[in-house]
Amino acid sequence: MCPKSRQKFSYGNILLELDRYDEAIAIYEVLNEKTPKWSCPWRHKGEALWKKGDLEAAETALKKSIETRETHYDAYVMLSEVQRDKKEYETALATLEKGLTYYGKDIEDPEKEVSNLEVTLLHYDLLKKLGRDEEAAKISAEVQEIAPDE
């Protein structure tokens, strides 16, 4: 990947952090065209679309991120969040649980991308929404270990 693509990606990420979603999405789209097998711009485009409220397009971009790099852990987590927001709880749980199998197996440090607490709370939320209270109670115990004040 060329340095200019990395610079564009970094700029897109700055725009994303500034909640300038349309501008960030435009940059990610250019990167998606130039480097379609680079998973990260797909994932970040999915995040921008999700935060903008376009759940369908976010889901498509996040699935493309996973298609281009199957072990992209944080893409699974974010896709699960999008599916939860679409009220597709079974699908969201399956996505999250598949993503959890890639924890620590991806090229990125999972803790830099998404906190364990955030992932554990998402897991708990999905189990509760599905009425799987016994499993949720086990997750709740994990939350108490990770963050006793939560």
Residue of Arg69, Arg43, Arg132 that the Gaussian network model of the chain assigns the largest fluctuation, springs spanning Cα pairs under 10 Å: Arg132
Among Ala57, Ala48, Ala137, the residue with the largest mean-square fluctuation in a Gaussian network model of the chain built from Cα contacts under 10 Å is Ala137
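With a/c under 1.5 counting as rounded, go ahead and sort the stretch 32-92 into rounded, prolate or oblate using the C-alpha gyration tensor (a ≥ b ≥ c being the square roots of the eigenvalues; past the cut-off, prolate if a/b is larger than b/c, else oblate).
Numbers: a/c = 2.45, a/b = 1.49, b/c = 1.65.
Oblate is the answer for the stretch 32-92, as a/c is 1.5 or above yet b/c matches or exceeds a/b.
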Round to the nearest 10 and give me the degree value, 0 to 90, for the angle of helix 133-146's Cα axis relative to the longest principal axis of the chain. 70
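Starting from the coordinates of the alpha-carbon atoms of the chain, obtain the Kirkwood hydrodynamic radius over all distinct pairs and give the value in Å to one decimal. Before the final figure, lay out each step's value.
On the way: mean 1/r = 0.0630 Å⁻¹.
With all distinct Cα pairs of the chain included, I get 15.9 Å.
Rounded, prolate or oblate: which fits the stretch 97-142 when a ≥ b ≥ c are the square roots of the eigenvalues of the alpha-carbon gyration tensor, with rounded for a/c under 1.5 and prolate only if a/b beats b/c? Walk me through the numbers on the way to the answer.
Values: a/c = 2.81, a/b = 2.19, b/c = 1.29.
Prolate.
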Hey, what angle do you get for helix 89-100 against the long axis of the chain, alpha-carbon based, 0 to 90 degrees rounded to 10? 80
Given the pairs Lys37/Lys98; Lys52/Lys129; Lys63/Lys98, which span a C-alpha to C-alpha distance of over 18 angstrom in this model? Lys37/Lys98; Lys52/Lys129
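No value in this document is a laboratory result; all are computed from the given coordinates. Everything numeric in this text was worked out from a predicted model, so none of it was measured.
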